[in-house]
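Here is the structure we will look at.
Readers should treat all values here as calculations from the given coordinates under stated rules, not as data from a laboratory. Owing to the predicted nature of the structure, the values given are computational and were not obtained by experimental measurement. Please note: Cβ atoms are built from the backbone with ideal geometry, for glycine as well, and neighbour counts cover all protein chains shown.
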Amino acid sequence: MLPKPIRAFARGLAVLAALNRHGSASALTLARETGVPRATVYRLLQTLLDEGYVGRGSADDRFHLRLKVRGLSGGFEDEQWIAAVAGPVLTELTRRISWPCDVATLEGLKMVIRETTHPIAPLSIDRNMAGQELPILASSSGMAYIAFAPPQERAALLALLARSDDAADALARDPAQAARLIAATRRRGYGLRQGGKIWPHTGAVALPIRAGRRVLGCINAIWMARALSHEEGVSRCLGPLREAQSSIERQIAAQQAG
């Protein structure tokens, strides 16, 4: 006769599987999807937090998978572990510079903000940025991504953007101008935006997060354009941003080596 299954363990696996499907989610979302009472979901998540399998966003009440999950399954995607590693680094970066910071990754033909300190940054005026889509050729993160992506990936992205009907992608239909903008970004070593049609009130500088030749995502810092020129913004933010970039890349490399 087989022993009875452990219901609490089954519920924990259900919550973990649902979180894996979502990438990041609130306890309420996980409770609705799994049918597990929300109070029980919180207890399960606290156990997973204590054991290092789950992390909690620094700027909201959403949970995400942590690197330790890679020892259990192959379902731990790049976007999830970048955000998990980057969260504490972003918080420290904002503590240093007071301006908000994001980590964004490529999804289709957009960069998507996966982790952000907008809700906790003293100098932020845009609070609800998590999950926002950024156009590749009109954002600092998008320019940092495409400029430092491997040449074959860059060419494929430009070809797809040229066929896009999104007005923010129109630059891709002028190959010479797009190539000049990408070349300038590569020479500088970072993506840069000051104002623009979509966010005229802010400026931003961004750096790629790399593992070998791959660009896994980008980290940026944002300032109010009326408060700082792009020269001042770069001067104040780029040094700390480079240190944050290096910290994230070192942690990713250490996890991959382990």
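Answer with one residue from GLY131, ALA10, GLY239: the one whose Cα lies farthest towards the positive end of the charge dipole of the chain, charges on Cβ with Lys, Arg +1 and Asp, Glu -1.
Looking along the dipole axis, the top candidate is ALA10.
About its Cα centre, what dipole magnitude does the chain give when the only charges are +1 on Lys and Arg Cβ and -1 on Asp and Glu Cβ, stated in debye to the nearest 20?
Numbers: 33 positive and 23 negative charges, 76 e Å.
Charge dipole of the chain: 360 debye, to the nearest 20.
Show me the helices of the chain, taken as full DSSP H stretches, that run 15 Å or more along their long axis by Cα and average 0.0 or above in Kyte-Doolittle hydropathy.
Numbers: long enough: 7-22 (23 Å, 0.42); 38-51 (20 Å, -0.07); 78-97 (27 Å, 0.16); 151-162 (16 Å, 0.77); 175-188 (20 Å, -0.46); 230-257 (38 Å, -0.68).
Helix filter hits for the chain: 7-22, 78-97, 151-162.
Go ahead and run the numbers for FRET between LEU123 and ALA179, Cβ-Cβ distance against an R0 of 51 Å, rounding to 0.05. Walk me through the numbers before you get to the answer.
Numbers: r = 35 Å, r/R0 = 0.68.
FRET efficiency, LEU123 to ALA179: 0.90.
Among ILE252, SER141, LEU90, flag the residue with its Cα farthest along the positive direction of the charge dipole of the chain, charges on Cβ as +1 for Lys/Arg and -1 for Asp/Glu.
ILE252
Provide the packing ranking of 238-249, 96-107, i.e. peptides ordered by the mean count of other C-beta atoms within 10 Å per residue, highest first.
Working: 238-249: 18.0, 96-107: 23.5.
Final packing ranking: 96-107, 238-249.
TYR42 to ALA227: FRET efficiency via 1/(1 + (r/R0)^6), r the Cβ-Cβ distance, R0 45 Å, to the nearest 0.05? If you can, show how the numbers build up before the last one.
Details: r = 40 Å, r/R0 = 0.89.
For TYR42 and ALA227, the calculated efficiency is 0.65.
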